[in-house]
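Engineer: Got a structure for you, written out below as structure tokens; questions coming shortly.
The values are calculated or read from the model by the stated rules, or taken from the named source; none is laboratory data. Predicted, not measured: the structure shown is a model, and the values here were computed from it. Every residue, glycine among them, receives a Cβ derived from its backbone with ideal geometry; neighbour counts consider all protein chains shown.
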Amino acid sequence: MINIRIAKPDDIPQLVELLKALFAIEADFNFDSDKQKQGLQLLLKSDNACVLVAESNDDINLLGMCSIQALISTAEGGAVGLLEDLVIAAEFRHQGIGAKLLAEAVCWAERQGLKRLQLLADKNNTPALGFYEKQSWQSTQLVCLKQSLKN
């Protein structure tokens, strides 16, 4: 049985390891355990974010995670959510865990009154793109651009 719950500070070491696996397949990100730990700590403290984890009842290891953050959209005239870091440990993929995490993320977003969820996915990650399409997520005409800052 798979349990989906909100992450707690004690989960951070395992969450960092899940992010390491995710960033290994995302061309735009480099793994830095200190940065990932700091980001997770900030998310866990935020009233506008949620980190969800998947665990099995008979195991102490986390099987997967995802995070959601609220931001304001002028297009929607209100709060929307950015879904990030949906990753399942390699040995537990293709068992419906990602779909369960995603469904719980949608429930959290609806409880927060968010008007839309959006996410970024690596354009070369065909399995992830197929997964999101199967979950009824739609591609958009938008292109993601970034500017690194000196901070």
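Engineer: Just checking, which of 51, 16 is of a type outside the set (Gly, Ala, Ser), closer than 27 Å to residue 145 by Cβ and modelled with pLDDT of 95 or more?
Structural biologist: 51
Engineer: A further question on this structure: Under 7 Å by Cβ, and 6 or more places apart or on different chains, what pairs join a residue from region 101-116 that is among the charged types (D, E, K, R) with one that is part of a loop (DSSP other than H, G, I, E, B)?
Structural biologist: So the pair list comes out as 115/76; 116/76.
Engineer: Give just the number: which of (1) surrounded by 14 or more Cβ atoms within 10 Å (Cβ to Cβ); (2) in contact (Cβ under 8 Å) with a residue 40 or more places away in the chain; (3) assigned to a strand (DSSP E or B) does residue 5 not satisfy?
Structural biologist: Every listed condition holds for residue 5 apart from (1).
Engineer: Still on this structure: Any chance region 80-99 includes a residue that's crowded, with 18+ Cβ neighbours inside 10 Å and part of a loop (DSSP other than H, G, I, E, B)?
Structural biologist: No: region 80-99 contains no residue that is crowded, with 18+ Cβ neighbours inside 10 Å and part of a loop (DSSP other than H, G, I, E, B).
Engineer: Going through region 56-79 one residue at a time, which ones are in a loop (DSSP other than H, G, I, E, B) and of a type in the set (Gly, Ala, Ser)? Step through it out loud before you land on a result.
Structural biologist: Keep residues of region 56-79 that are in a loop (DSSP other than H, G, I, E, B), which gives 57-61, 74-77.
Listed by number, the residues that qualify are 75, 77.
Engineer: Taking the options 47, 10, name whichever one is acidic (Asp, Glu) and either in contact with a helix residue (DSSP H, G or I) (Cβ under 8 Å, 6 or more places away or on another chain) or not in a loop (DSSP other than H, G, I, E, B) (or both).
Structural biologist: Numbers: 47 fails: either in contact with a helix residue (DSSP H, G or I) (Cβ under 8 Å, 6 or more places away or on another chain) or not in a loop (DSSP other than H, G, I, E, B) (or both).
So the residue among 47, 10 that is acidic (Asp, Glu) and either in contact with a helix residue (DSSP H, G or I) (Cβ under 8 Å, 6 or more places away or on another chain) or not in a loop (DSSP other than H, G, I, E, B) (or both) is 10.
Engineer: Residue 131 fails exactly one of the following numbered conditions: (1) assigned to a loop (DSSP other than H, G, I, E, B); (2) at pLDDT below 95; (3) buried (at least 19 other Cβ atoms within 10 Å of the Cβ). What is the number of that condition?
Structural biologist: Unmet for residue 131, out of (1) assigned to a loop (DSSP other than H, G, I, E, B); (2) at pLDDT below 95; (3) buried (at least 19 other Cβ atoms within 10 Å of the Cβ): (1).
Engineer: Does residue 74 satisfy being within 24 Å of residue 145 (Cα to Cα), modelled with pLDDT of 95 or more and loosely packed, with under 14 Cβ neighbours inside 10 Å?
Structural biologist: On the way: within 24 Å of residue 145 (Cα to Cα): yes; modelled with pLDDT of 95 or more: yes; loosely packed, with under 14 Cβ neighbours inside 10 Å: yes.
Yes; evaluated as a whole, the condition is true for this residue.
Engineer: So residue 151 passes all but one of these: (1) exposed (fewer than 13 other Cβ atoms within 10 Å of the Cβ); (2) over 21 Å from residue 2 (Cβ atoms); (3) touching a residue at least 24 places away in the same chain (Cβ under 8 Å). Which condition number does it fail?
Structural biologist: Of everything listed in (1) exposed (fewer than 13 other Cβ atoms within 10 Å of the Cβ); (2) over 21 Å from residue 2 (Cβ atoms); (3) touching a residue at least 24 places away in the same chain (Cβ under 8 Å), residue 151 misses just condition (3).
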